[in-house]
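This report refers to the structure that appears directly beneath it.
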Protein chains: 2
Amino acid sequence: MSKNIVISIDAMGGDHGPSVVVPGVAKAAQMLPGVRFLLHGDEIRLNAELAKAPAARAVSEVRHTDKHIAMDEKPAQAMRRGKGSSLWNAVESLREGEAQACVSAGNTGALMAISKLILRMGADLERPAIVASWPTMKGITAVLDVGANVESDAAQLVEFAIMGAAFHHAVHGSMRPTVGLLNVGSEDQKGHEEVREAHAILKETQLDFDYRGFVEGNDIAYGTVDVVVTDGFTGNVALKTAEGLARFFSNEIKSTLTSGPLAMLGALIASGALKQMRERLDPGRVNGGPLLGLNGIVVKSHGGADAKGFASALRVAADLARSDFTAEIDRNLKRLTAPAAPGGASDGAASACVERDGASE
Amino acid sequence: MSKNIVISIDAMGGDHGPSVVVPGVAKAAQMLPGVRFLLHGDEIRLNAELAKAPAARAVSEVRHTDKHIAMDEKPAQAMRRGKGSSLWNAVESLREGEAQACVSAGNTGALMAISKLILRMGADLERPAIVASWPTMKGITAVLDVGANVESDAAQLVEFAIMGAAFHHAVHGSMRPTVGLLNVGSEDQKGHEEVREAHAILKETQLDFDYRGFVEGNDIAYGTVDVVVTDGFTGNVALKTAEGLARFFSNEIKSTLTSGPLAMLGALIASGALKQMRERLDPGRVNGGPLLGLNGIVVKSHGGADAKGFASALRVAADLARSDFTAEIDRNLKRLTAPAAPGGASDGAASACVERDGASE
């Protein structure tokens, strides 16, 4: 905790910009003593917000730019014309060594494209991944990739497992994270070639985490493992399916408990417990999806996050910056490329080449 | 409603066998006048259950076999040694013309394998699909494939769209179903090659349903479209993710509302409204996942379904048997293979060949 950290922030990103970012910094300042913040954006708007938030002002420095990237701008366009924008400058502060982590609530595609351009991929890593932290029955499960890629081969899935375990260790504090590979069944022959091959590699390699084999969709909410690994297409669909369902449930509860005088009275009486439940299920509580695999720590905050959610993304960035996250990834990547123990590699590969099969119940 | 239908049933399938199947038939008999049932299974156990359920006995005939397929039996093994089992005989009744639809709560993989073997694929159809009916904010959305396949190319996704629309029309009564293709964003260039190619075909072909383009995971619960089309891997993960989350929420509500005397009092007072909500969200209400694409109507009931759930699967089977489901699929398949209107095909294909892109928020 003694390390001094600077976090650079794209203060114009997200649905609300400075009016959420600055109160978010104020909240984070209390949780993160010793951390300072570089706010990139419109200095007039930022100073006006900072004047209302002395806790944020005491730990912040403003870097003016009047350029920012729109939430709906295409990644390719953002790369071409984004230089000098608040998002671009926030990432550049990282490369210049002025900051140890960067947070943006802006356009995900643009953040990914510009971060890859400015920071490049980490040594020996092939593809970045976005990781999401889900509240589950047992705690927090990290799911990745949730949208940096649309397809992933076996080697990339193995990288995601390594990065996800290092993330869970750094941010959610598990000493030896359990890791599962998302599939349509638990037997070795289930699923497509990419997951079966990744399964064989993860089974046969000695890594810093506890690989538990295949898991299924329901295992995410059950919290069966700390880290769930999947390709960006499936992960993105699963995450958004869950978000949609969460909103559906929350609407149903609200309309049920206001559906008549008796229900309203009941809800009023139970309101304390219901508020606790909402907080426990609140996605903002674990806001902050790092873009893993880059030469630098970049965290995406949800575009619609409130100040508390933005502070949570800042906390994730600080935790990653203070951890030996990168060293842990390097260590595991080296084990992957090291020659396997006799018998291991070929056995694993053979056992994965069984009959190909659809999903059962 | 005047057509006389016989439904053949694998009466030994599922977690409970005859003790759920027979009460399920009794419930269905009330909803489905004129429908008769062929119960394949152990006649001693079946007759004992029928003796307790006169409503079922009046419309049922028992076909004895003492062989049945275990819930965890591998599909390949079930195909080899399954002949003469309750599941096998139930499907065979369909081919023999004794029944117009078949329902099993047994092993999904075995049901799929044996149905394909006995019934074969429908004319011009390449792959079967399992369809699930989800309660949503607006009604019922059919999602397919949820697990018959682990990979699907563009032509198969287009078939799923056609089969899903015909299913929604037959079972959930929409006159001109709206159809969406599941993806990680809504723009034409989003996603992998298979979805972009299927999107181009569906956009340019005039079909009996209203193709609305790409939808995302959250659109399922929102009920944005009547039919959501996806590959069996993604669909299975999405379905099970939602099932896991639904159980998580339901546990949270239960533990919240019993967390203290005040919360319990509130829950007691609001209990009528809470019960209504549980019923509205009850997956058993829309139990019954047909295996589409075969020469015959085969419906999978959830293995853990109760009598009400099993009756719902029987209702789905009867609705499909009474509809012109197969004719509707044939009509649309013919339009697919017909030459496209001038300009349509090439434009659509070209617009899909844009930059490949990850998911954005």
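Counting Lys and Arg as +1 and Asp and Glu as -1, what is the net charge of the other residues whose Cβ lies under 14 Å from the Cβ of B:GLY293?
On the way: positive: B:LYS116, B:ARG120, B:ARG127, B:LYS300; negative: B:ASP124, B:GLU126, B:ASP145, B:GLU159, B:GLU328, B:ASP330.
That sum, taken over residues with Cβ under 14 Å, equals -2.
Report the trypsin sites (Lys or Arg not before Pro) located in segment A:155-214 that are in a DSSP loop and have at most 15 other Cβ atoms inside 10 Å of their Cβ, or state none.
In loop regions of segment A:155-214 (DSSP not H, G, I, E or B), there are no sparsely surrounded trypsin sites (Lys or Arg not before Pro).
Placing +1 on the Cβ of each Lys and Arg and -1 on the Cβ of each Asp and Glu in chain B, which of B:GLY180, B:ALA28, B:LEU111 has its Cα farthest towards the positive end of the resulting dipole?
Highest projection toward the positive end goes to B:ALA28.
Out of A:THR230, A:THR141, A:THR205, any idea which swings most in a Gaussian network model of chain A, alpha carbons joined below 10 Å?
Of A:THR230, A:THR141, A:THR205, the most mobile in the Gaussian network model is A:THR205.
A:ASN251 label points, 7 Å along Cα→Cβ, one per copy: pairwise distances from this copy to the rest in nm, shortest first?
Label-point distances to the other copies, shortest first: 2.6 nm.
Quick query: amide H of A:LEU181 versus all other amide H atoms, modeled in the peptide plane; which residues come in under 5 Å with a sequence gap of 5 or more or a different chain?
HN-HN under 5 Å from A:LEU181: A:GLY213, A:PHE214, A:VAL215, A:VAL229.
How large is the dipole of segment B:1-120 about the Cα centre if only Lys and Arg carry +1 and Asp and Glu carry -1, each at its Cβ, rounded to the nearest 20 debye?
Around 260 debye, computed over segment B:1-120.
Using a 7 Å offset from the Cα along the Cα-to-Cβ direction at both B:ARG80 and B:ASN4, what is the distance between the two label points in nm, to one decimal?
4.3
³J(HN,Hα) across segment A:17-27 via Karplus (A = 6.51, B = -1.76, C = 1.60, θ = phi - 60°), whole Hz, x for Gly/Pro?
x, x, 5, 9, 4, 5, x, x, 4, 4, 5
B:ASP153 label point, 7 Å along Cα→Cβ, cut-off 17 Å on backbone N: hits in segment B:174-206?
Only B:192-202 pass the distance filter.
Defining the label point at 7 Å along Cα→Cβ, can you sort the distances from B:ILE44 to the same site in each other copy, shortest first, in nm?
Copy-to-copy label distances for B:ILE44: 9.0 nm.
What are the trypsin sites (Lys or Arg not before Pro) within segment B:85-177 that DSSP puts in a loop, where the Cβ has at most 16 other Cβ atoms within 10 Å?
When the trypsin sites (Lys or Arg not before Pro) of segment B:85-177 are filtered for loop state and at most 16 Cβ neighbours within 10 Å, B:ARG120, B:LYS138 remain.
DSSP beta bridges in the protein assembly as shown, what fraction antiparallel, as a percent rounded to 5?
25
Helix-only estimate, please: 222 nm mean residue ellipticity of the protein assembly as shown, summing -39500 (n - 2.57) across DSSP H runs of length 4 or more and dividing by its residues, to the nearest 500.
Mean residue ellipticity at 222 nm (helix-derived): -14500 deg cm²/dmol.
I want to make sure I understand the PRE zone here: with the label point 7 angstrom from the Cα of A:GLU98 toward its beta carbon, which residues in segment A:296-318 have backbone N atoms less than 18 Å away?
Flagged as within label range: A:296-299.
Just to compare against my own numbers: the Cα pair-distance distribution for chain A, 20 Å bins, whole % per bin, please.
Percent of Cα pairs in each bin: 29, 53, 17, 1.
Rounded to the nearest 5, what % of DSSP beta bridges with both residues in chain A are antiparallel?
Bridges in chain A are about 25 percent antiparallel.
Taking a 26 Å limit on the Cα-Cα distance, which of the listed pairs A:LYS203/B:LYS74; A:LYS190/A:LYS334; A:LYS74/A:LYS308; A:LYS240/B:LYS190; B:LYS27/B:LYS300 fall beyond it? Display every interim value, and only then the final one.
Values: A:LYS203/B:LYS74 23 Å; A:LYS190/A:LYS334 29 Å; A:LYS74/A:LYS308 28 Å; A:LYS240/B:LYS190 15 Å; B:LYS27/B:LYS300 18 Å.
With Cα atoms farther than 26 Å apart: A:LYS190/A:LYS334; A:LYS74/A:LYS308.
How far apart are the A:GLY213 label points across copies, placing each 7 Å from Cα toward Cβ, in nm, shortest first?
Its label point is 4.4 nm from the equivalent points in the other copies.
With springs only between Cα atoms under 10 Å apart, run a GNM on chain A and tell me which of A:ARG176, A:ARG247, A:ARG63 wobbles the most.
A:ARG247
Step through the residues of segment A:224-240 one at a time and calculate ³J(HN,Hα) from phi using the Karplus curve (6.51 cos²θ - 1.76 cosθ + 1.60, θ = phi - 60°), rounding each to whole Hz and writing x for Gly and Pro.
Result, ordered by residue: 4, 10, 6, 10, 10, 9, 7, 6, x, 6, 4, x, 5, 5, 4, 4, 6 Hz.
Filter the GluC sites (Glu not before Pro) in segment A:77-108 to those in DSSP coil with at most 12 other Cβ atoms within 10 Å of their Cβ, and list the result.
A:GLU96
Bear in mind these aren't lab numbers, they're just calculated from the coordinates by the rules spelled out. Since the structure is predicted, the reported quantities are computational estimates derived from the model, not experimental observations. Here the Cβ is made from the backbone with ideal geometry for all residues, glycine too, and neighbour counts use every protein chain on show.
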